[in-house]
1. Filter segment 49-66 down to the residues that are in contact with a helix residue (DSSP H, G or I) (Cβ under 8 Å, 6 or more places away or on another chain) and surrounded by fewer than 16 Cβ atoms within 10 Å (Cβ to Cβ) and list them by number.
2. Count, please, the residues in segment 206-232 that happen to be among the small types (Gly, Ala, Ser) and either in contact with a His (Cβ under 6 Å, 6 or more places away or on another chain) or modelled with pLDDT of 90 or more (or both).
3. Among the residues of segment 27-74, which ones are farther than 20 Å from residue 94 by Cβ, more than 10 Å from the ligand (Cβ to nearest atom) and in a loop (DSSP other than H, G, I, E, B)?
4. Please list, ordered by first then second residue, the pairs with beta carbon atoms under 9 Å, 6 or more apart or interchain, first in segment 21-32 and on the phi > 0 side of the Ramachandran plot, second within 6 Å of the ligand (Cβ to nearest atom) and polar (S, T, N, Q).
5. For segment 31-48, which positions are in contact with an Asp or Glu (Cβ under 8 Å, 6 or more places away or on another chain) and surrounded by 24 or more Cβ atoms within 10 Å (Cβ to Cβ)?
6. Only one of these conditions is not met by residue 125: (1) surrounded by 18 or more Cβ atoms within 10 Å (Cβ to Cβ); (2) in a loop (DSSP other than H, G, I, E, B). Which number is it?
7. Looking at residue 81 and the list (1) touching a residue at least 60 places away in the same chain (Cβ under 8 Å); (2) surrounded by fewer than 23 Cβ atoms within 10 Å (Cβ to Cβ); (3) touching an Asp or Glu at 6+ places or on another chain (Cβ under 7 Å); (4) aliphatic (A, V, I, L, M), which single condition is not satisfied?
8. Tell me the residue from 105, 92, 97 that is within 23 Å of residue 183 (Cβ to Cβ), among the aliphatic types (A, V, I, L, M) and without any contact (Cβ under 8 Å) to a residue 60 or more places away in the chain, please.
Amino acid sequence: AHAQPPRPAAKAVHKPARRIIAVASGKGGVGKSTVAANLAVALARDGMKVGLLDADIYGPSAPRLFGITDAPGLRKTDAGVQPITAHGVKLVSIGFVIKPGAPVVWRGPMVQGAIRQFMTDTDWGDLDVLILDMPPGTGDAQLAIAQDLPVDGAVIVSTPQDLALDDARKAIGMFEQTHIPILGIVENMSSFICPHCGGNSDIFGHGGAKDEAERLGVAFLGEIPLHPQLRTSSDEGTPAALGDSPVARAFLKAAKAALE
Ligand code: ADP
């Protein structure tokens, strides 16, 4: 890999939390936003002061995941943009300003500027952790965020399939290029728990992310099963991490492992 310039811009940005953790994936649809939201909720339930910045300007997920889909707007006071709190997490998302489904036609630099502003102009208060829900993929936009913002570490979300893992490797490479430590991999949609019989089946294979984490020398933070309830709870705006299920415990365990 060729040498990257240091990250001078990142130092200039006010850091609103003790830890800023990017949640990323090599491609869309692997459950990155679901995992980001549930990690945030799990840590908030555990007593931490948590914020979530939805950096996916073209496809914001926080409104749906946290049940705020009426585009209430973001109020600005002298202290800054007021985040919206849901399930104990302070949130900012472009989806609170723009109606769901309305296309965002901004160009790259504007998107970059919006994300930076969300980080610096929001009245986050005193945060222990800020979760950054990255846009999916490993293109210029993601690289710019990684270089521009003071990110302390990255959690990579992957499904067990080889293809998704290839993409996950790319995501890992991107953070390494920008000298951001990889905190670990979460394997999502790991195995399928049948809601009828309770049986387990490995639809996308199983354990691929764990093996890959070992090969790459990064931590394996845990696996989240493919479960219809995870999708319905996400769609209803009540993240699974709110409950007392094995899945809720898995999210808390992964979140704590990432912070270790
Ligand atoms: P991404 O952010 O990677 O694009 P999302 O978090 O938006 O992915 O998830 C894509 C879809 O898959 C959503 O409908 C979500 O509810 C669903 N989903 C994510 N993880 C799981 C899971 N473990 N079990 C069932 N459905 C899931």
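The values are calculated or read from the model by the stated rules, or taken from the named source; none is laboratory data. Owing to the predicted nature of the structure, the values given are computational and were not obtained by experimental measurement. No Cβ is skipped: glycine too gets one built from the backbone with ideal geometry, and neighbour counts run over all protein chains shown.
1. 58
2. Total satisfying the criteria: 2.
3. 46, 47, 48, 49
4. Here the result reads 31/25; 31/188; 31/234, each pair linking segment 21-32 to a residue that is within 6 Å of the ligand (Cβ to nearest atom) and polar (S, T, N, Q).
5. Once the filter is applied, which keeps residues that are in contact with an Asp or Glu (Cβ under 8 Å, 6 or more places away or on another chain) and surrounded by 24 or more Cβ atoms within 10 Å (Cβ to Cβ), segment 31-48 yields 32, 33, 36, 37, 43.
6. The one condition residue 125 does not meet is (1).
7. (1)
8. None of the other options fit; the residue is 92.
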